[in-house]
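Colleague: Pasting a structure below so you can have a look.
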Amino acid sequence: MILEKINYNEKHLKYIDRAIEKAKILYESCNCCGHLCNVNRNINKIGRCRIFEDINHIKVASHTLHFGEEPMLVGNNGSGTVFFSSCNLGCIFCQNHQISSEGMGNVVDINKLSEYFLSLEKQNATNINLVSATHVIYPILKALKIAFENGLNLPIVYNTNGYDTPELLDALDGIIDIYLPDLKYFYDEKSIKYSKVKNYFNVAINTIEIMKKQVGDLVVNENGIAESGLIIRHLILPNNESDSYDILIELKERGFLNTTISLMSQYNPKFKAMESEKINRKINIKEYEDLIEYAIDLGFTNILAQEMESSDTYLPDFRREKPFQF
């Protein structure tokens with residue numbers, strides 16, 4: 001049986017004008033993320049994410065085929081990943097700190113960004129993967145419209161730290177095919193300590209529940225490539241500083257047992273993490289295996305696990321044209 005290929009382009013073109021209009025409203029009193037800065041970014045007011053570019057320009061740190069994402073996002077050709085500079089969190093262990101905190105990247109206009117998307121498609125990317133897009137969603141949507149009008153026909157991945165608002169997700173409905181949110185901590189004590197953000201879990205779990213309502217659980221094609229759905233990422237910190245067991249219990253209670261959960265072993269104490277006593281080392285094999293076994297015992301049916309070597313192989317250097325070396 002020959003399966004009909006999904007026409008992503010037709011779907012995206014149907015919703016893009018609505019998405020752009022909603023993003024414009026979001027920017028008028030910015031409530032894209034849980035900080036709810038309420039500044040008017042349409043007239044270049046600056047909020048917590050420290051964005052200086054206007055609504056037709058954006059700082060991009062990298063656009064490349066990335067082979068370090070989950071297997072169903074990568075396939076044989078790589079995920080067409082675009083990394084955006086700055087961030088709405090302040091994680092002291094961020095492996096992307098060169099771009100999230102130090103501002104590395106080049107400012108481009110929306111036409112150039114649309115060219116990046118189309119170029120990745122020409123390189124046979126499996127999808128277009130928007131990394132840390134929350135705080136710059138308006139120009140991204142404008143660039144996507146240009147790309148859609150020029151034939152872009154790939155699933156769109158929204159790769160986020162999870163600190164998004166319902167209003168932002170409403171704008172993205174119909175545009176995003178695959179949601180890839182983090183769920184970092186359960187307790188505010190940890191989110192404040194390590195990411196300088198309050199009320200993280202409540203914001204993030206609400207975000208994830210809305211995402212699931214929009215796209216459902218993960219759907220892959222006959223080649224094992226993701227077509228739509230939700231993958232929840234959880235980065236495991238040493239000494240259970242990521243509240244991993246509490247997060248798994250809460251996900252079970254909220255009905256996510258069949259959702260794809262990526263339990264990530266790749267933590268490496270970079271940036272400011274070496275100064276923090278509880279997280280100044282990698283996780284060990286026992287910590288990781290114990291958590292995987294716990295998740296299985298709870299009844300999770302779709303767990304993605306990493307090799308322990310991932311803590312070294314997944315470290316990027318954004319001074320290189322290809323930040324990740326695999």
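Colleague: If you average the sequence gap of Cα pairs under 8 Å that are 6 or more apart and divide by the length of the chain, what percent do you get for the contact order? Walk me through the intermediate numbers first.
Modeller: On the way: 659 pairs, mean separation 54.8, N = 326.
For the chain, the relative contact order is 17 percent.
Colleague: In nanometres, what is the gap between the two model label sites at GLU275 and TYR187, each 7 Å from Cα along Cα-to-Cβ?
Modeller: Result: 2.3 nm between the two label points.
Colleague: For the pairs LYS252/LYS272; LYS22/LYS45; LYS24/LYS145, flag any whose C-alpha to C-alpha distance is greater than 24 Å. Intermediate values should be presented prior to the final figure.
Modeller: Details: LYS252/LYS272 33 Å; LYS22/LYS45 18 Å; LYS24/LYS145 14 Å.
Too far apart for the 24 Å limit: LYS252/LYS272.
Colleague: Ok, one more. The range 1-134: percent of C-alpha pairs farther apart than 23 Å?
Modeller: Values: 3794 of 8911 pairs.
Percentage above 23 Å: 43.
Colleague: Further, regarding this structure: In whole angstrom, how long is each semi-axis of the equivalent ellipsoid of the chain, when you take the square root of 5 times every eigenvalue of its Cα gyration tensor and sort them from largest down?
Modeller: Semi-axis lengths for the chain are 28, 23, 20 Å.
Colleague: Moving on. What's the long-distance tail for the range 104-219, i.e. % of Cα pairs beyond 21 Å? Before the final figure, lay out the partial values.
Modeller: Details: 2843 of 6670 pairs.
Considering the range 104-219, 43 percent of its Cα-Cα pairs are separated by more than 21 Å.
Colleague: Give me the aspartates and glutamates in straight-line cross-link reach of LYS59: C-alpha distance below 12 Å, same-chain residues under 8 apart excluded.
Modeller: Counting by Cα, and skipping residues close in sequence, LYS59 has these aspartates and glutamates nearby: ASP109.
Colleague: PRE reach from HIS57 (point 7 Å along Cα→Cβ): which of the range 129-163 fall under 13 Å by backbone N?
Modeller: Label zone hits: none.
Colleague: Scan the range 191-261 for GluC sites (Glu not before Pro) in coil per DSSP, keeping those whose Cβ has at most 15 other Cβ atoms within 10 Å, and list them by number.
Modeller: Details: sites: GLU209, GLU222, GLU227, GLU241, GLU250, GLU253; in loops: GLU222, GLU241.
For GluC sites (Glu not before Pro) across the range 191-261 that sit outside H, G, I, E and B with at most 15 neighbouring Cβ atoms in 10 Å, the list reads GLU222.
Colleague: Mean shadow of the range 204-245, computed from the convex hull of its alpha carbons, in nm²?
Modeller: For the range 204-245, the mean projected area of the Cα convex hull comes to 4.0 nm².
Colleague: Roughly what percent of Cα-Cα pairs across the range 189-273 reach past 20 Å? Can you show the working numbers first?
Modeller: Numbers: 1520 of 3570 pairs.
Value for the range 189-273: 43 percent of Cα pairs lie more than 20 Å apart.
Colleague: Still on this structure, I have one more. Could you work out [θ]222 nm for the chain from helices alone, using -39500 (n - 2.57) per DSSP H run of at least four and dividing by all its residues? Round to the nearest 500 deg cm²/dmol. Don't skip to the answer; put the middle values down first.
Modeller: Numbers: 11 runs with 114 residues, N = 326.
The helix contribution divided over the chain gives -10500 deg cm²/dmol.
Colleague: Need the full-extension length gain, SER310 to ASN202, defined as separation in residues times 0.36 nm minus the C-alpha distance. One decimal, nm.
Modeller: Working: separation 108, 0.36 × 108 = 38.88 nm, distance 2.91 nm.
Extra length available between SER310 and ASN202 comes to 36.0 nm.
Colleague: Heavy-atom accessible area of LYS190 with all protein chains present, probe 1.4 Å, nearest 10 Å²?
Modeller: 20
Colleague: In units of 2.2 N^0.38 Å, what is the alpha-carbon radius of gyration of the range 220-311? Display every interim value, and only then the final one.
Modeller: Working: Rg = 14.3 Å, N = 92, 2.2 N^0.38 = 12.3 Å.
Expressed relative to 2.2 N^0.38 Å, the Cα Rg reads 1.16.
The values are calculated or read from the model by the stated rules, or taken from the named source; none is laboratory data. Treat the numbers as computed from the prediction; the structure is a model and nothing was measured. Note: ideal-geometry Cβ built from the backbone for every residue, glycine included; neighbour counts use all protein chains shown. Surface areas here come from the heavy atoms of the whole protein model, side chains and all, with no ligands, DNA or RNA. Shrake-Rupley method; radii C 1.70, N 1.55, O 1.52, S 1.80 Å.
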